[in-house]
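See structure below.
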Amino acid sequence: MDSDPAKREVGDLLLAAGQLTQDQLETVRRRQQRWRVSQHSAILSLSYASEEDTYRALATLHNIEFIDLSKTSLPPNFKELVPVAVMLNHRVVAVAAENDTLVLAFSEPPRQAEVSNLRLLLNRKIRPLLTTPSCLRAIIKQHFGLGAETIQRLREDRGATEPAQEIVFDVAKAESDGDDAVDASIARFVDQILSEALRLQATDIHLEPYNATIKLRYRIDGVMQAVPVPSELRQVYGALVSRLKVMASLNIAEKRVPHDGRITMKTEDEEYDLRVSIVPTKHGESVCLRVLGRQSLMLELKELGLETAQEALIQELTQLPQGLVLLTGPTGSGKTTTLYAALAHANDEGRKIITIEDPIEYQLEGVVQIQTREEVGLSFASGLRSVLRHDPDVVLIGEIRDSDTAEIAVRAAQTGHLVFSTLHTNDSISAITRLLDMGIDPFLLGSSLVCSIAQRLAQRICPHCKRPEPDLPTDLRQEMAAALGLAPESVEAFRGEGCIECQLKGHRGRVGIYEFFVMTDEVVDLLGPSIKTGQLRAAARVHGWRTLREHAWSKVQAGLVSISEIQRLTRRIKPSALEAAG
């Protein structure tokens, strides 16, 4: 079953199949030697080939049949064929029973000794198959819950056999009693929750206690997704929260008030900050962890998903000597990432750049960054007054939340400073009426605001399972054609069918959609306390302004975003529905 790796390796098979280039293979070999990992692990870490293609080649190399568990129906009694403890400890799943032979799916080619051990444990012959780790994880998580093997081991270590018996984590007691096994198991389970979140590229982790259950949910690509967990998690939940509090340097004894903290963690490739928020509820403390990837926030402008003209415009904006540039959009729409990309482009030795943020999500070399502290009076407004006395050329304000901050930002933009900030409005033009509502003088606004940018993050179609959209509704086809200036028959759309690479979701990652509004003389002449957003939009259209939805159609035509995602992000209530409701 095992093959001599000195003769052939996974990379050689992928190279022969045209799925890897010679230069990529050389890079893989260098990483393999440097990190002392298997060649297929190096290939996947560099994203040179898909997981499925890599493991199919690995199966061929070891003369094992490959199986796609995502398209395989497991026997109804698969949990009875192999004891749960064996499945969890050996990371195998029973696929079929053939007379006196068990067909087991492994996520790595098993050694002969491992197959022999399983034969003795199960008292049956073993026929191994190879599947991808993602598929095996998904099957185990679906049927047993995330971290099931750790929870089972924890209860065995603690001797908690009764379903209602709760396990409590006490740091001082664990140290005095030397109860390292329980401590280690809780830590291992927390690591599994965090590792799974990072693997799925989740931005938020939610742990929610209820009367008899615990819910674990990840926010992935902007949408909350439930993660199955073992039913026994309810009994160890208090220990889990205490562990997170210890990691965030919070008081584990205080459970009556909200807590806020921060956890720093590091993987082989990247450092992460976890912003911790804990609030008391009727059934225990609810936990939310915001995942802040220090490197992932720093993207180049060309990586954001900007159209060619938009990228050129934002580069021009970063080089202006003065003016106000606003980014608008809801929480989680990527405003901070765009701001950092713009700031990095504006950063050079000839300019002094100062930011005032809440919180500081990424440390920029060569930029002075200030964290607001409301408890000591350091707000955006008060901090900004001090910043302007510090001789900056470029100022980043994390968010304009009140009229004082808005007033100072506008005046700073008039007095020789380039100011970047964010504002919560639905689109780019609404930023104008929002600032007017905050009491900003129309003349001051017209002479300081240069550009307002609205953005959203759309789920990107998985490239591995992208297929043409078979039924594009006539009204959407016509709308799309009008927005792109194309004939209706020439527009096309795509969708993801779901595959191993995207966890059967049909989408993987996100791409930005942007709407730019540039202040013109015509718009300035319209500004006044009673100006309507519709008037501003009509004036902006004369100079080529397009809505977020209109810009999004170009992403659909390019095969990056699905029709359903555009409908989700830019959904409108139809007039017929309003009439029916009225």
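The values are calculated or read from the model by the stated rules, or taken from the named source; none is laboratory data. As the structure is a prediction and not an experimental result, all values here were calculated from the model. All Cβ positions, glycine included, derive from the backbone under ideal geometry; neighbour counts span all protein chains shown. For accessibility, only protein heavy atoms count, side chains too; no ligands or nucleic acids. Shrake-Rupley method; radii C 1.70, N 1.55, O 1.52, S 1.80 Å.
So, in region 52-91, exactly how many residues are touching a His at 6+ places or on another chain (Cβ under 9 Å), modelled with pLDDT of 85 or more and of a type in the set (D, E, K, R)?
Residues flagged as touching a His at 6+ places or on another chain (Cβ under 9 Å), modelled with pLDDT of 85 or more and of a type in the set (D, E, K, R) within region 52-91 amount to 1.
Which ones in region 123-133 are of a type in the set (S, T, N, Q) and open to solvent by less than 10 Å² (accessible area, probe 1.4 Å)?
Those that are of a type in the set (S, T, N, Q) and open to solvent by less than 10 Å² (accessible area, probe 1.4 Å): T131, T132.
Just give me the residues in region 385-429 being part of a helix (DSSP H, G or I), surrounded by 20 or more Cβ atoms within 10 Å (Cβ to Cβ) and not hydrophobic (A, V, I, L, M, F, W, C), in sequence order. Give the derivation first.
Keep residues of region 385-429 that are part of a helix (DSSP H, G or I), which gives 385-388, 403-414.
Of the ones still in play, those that are also surrounded by 20 or more Cβ atoms within 10 Å (Cβ to Cβ) are 387, 405-406, 408-410, 412-413.
Result: T405, single match.
Among the residues of region 516-533, how many are part of a loop (DSSP other than H, G, I, E, B) and open to solvent by 40 Å² or more (accessible area, probe 1.4 Å)?
First, pick out the residues of region 516-533 that are part of a loop (DSSP other than H, G, I, E, B): 519-520, 527-532.
This time we only want the ones that are open to solvent by 40 Å² or more (accessible area, probe 1.4 Å), so: 529-530, 532.
Of the residues in region 516-533, 3 are part of a loop (DSSP other than H, G, I, E, B) and open to solvent by 40 Å² or more (accessible area, probe 1.4 Å).
On the basis of being touching a helix residue (DSSP H, G or I) at 6+ places or on another chain (Cβ under 9 Å), assigned to a helix (DSSP H, G or I), under 30 Å from E497 (Cβ atoms) and touching a residue at least 24 places away in the same chain (Cβ under 8 Å), does Y48 make the cut? Even if it seems obvious, please write down each step before you answer.
Numbers: touching a helix residue (DSSP H, G or I) at 6+ places or on another chain (Cβ under 9 Å): yes; assigned to a helix (DSSP H, G or I): no; under 30 Å from E497 (Cβ atoms): yes; touching a residue at least 24 places away in the same chain (Cβ under 8 Å): yes.
Considered against the rule, which asks whether it is touching a helix residue (DSSP H, G or I) at 6+ places or on another chain (Cβ under 9 Å), assigned to a helix (DSSP H, G or I), under 30 Å from E497 (Cβ atoms) and touching a residue at least 24 places away in the same chain (Cβ under 8 Å), Y48 comes out as no.
Does region 210-230 include one or more residues that are under 21 Å from L327 (Cβ atoms) and of a type outside the set (K, R)?
yes
Consider E208 carefully, then state whether it is modelled with pLDDT of 90 or more, in a strand (DSSP E or B), over 24 Å from G509 (Cα atoms) and open to solvent by less than 20 Å² (accessible area, probe 1.4 Å).
In short, no.
Here are R219, R256: which of them is among the basic types (K, R) and in contact (Cβ under 8 Å) with a residue 60 or more places away in the chain?
Within the list R219, R256, the selection yields R219.
Among the residues of region 264-276, is there at least one that is modelled with pLDDT of 85 or more, of a type outside the set (S, T, N, Q), exposed (fewer than 15 other Cβ atoms within 10 Å of the Cβ) and on the phi < 0 side of the Ramachandran plot?
no
For region 439-460, enumerate the residues that are crowded, with 18+ Cβ neighbours inside 10 Å, in contact with a helix residue (DSSP H, G or I) (Cβ under 8 Å, 6 or more places away or on another chain) and more than 23 Å from T318 (Cα to Cα).
Across region 439-460, the qualifying residues are I440, A458, Q459.
May I ask you to list the residues in region 90-122 that are open to solvent by 10 Å² or more (accessible area, probe 1.4 Å) and in a strand (DSSP E or B)?
Passing the criteria: V95, A96, A97, E98, T101.
Among the residues of region 135-154 satisfying the criterion of being open to solvent by 20 Å² or more (accessible area, probe 1.4 Å) and among the polar types (S, T, N, Q), which is modelled with the highest pLDDT?
Ranking the candidates gives Q142 first.
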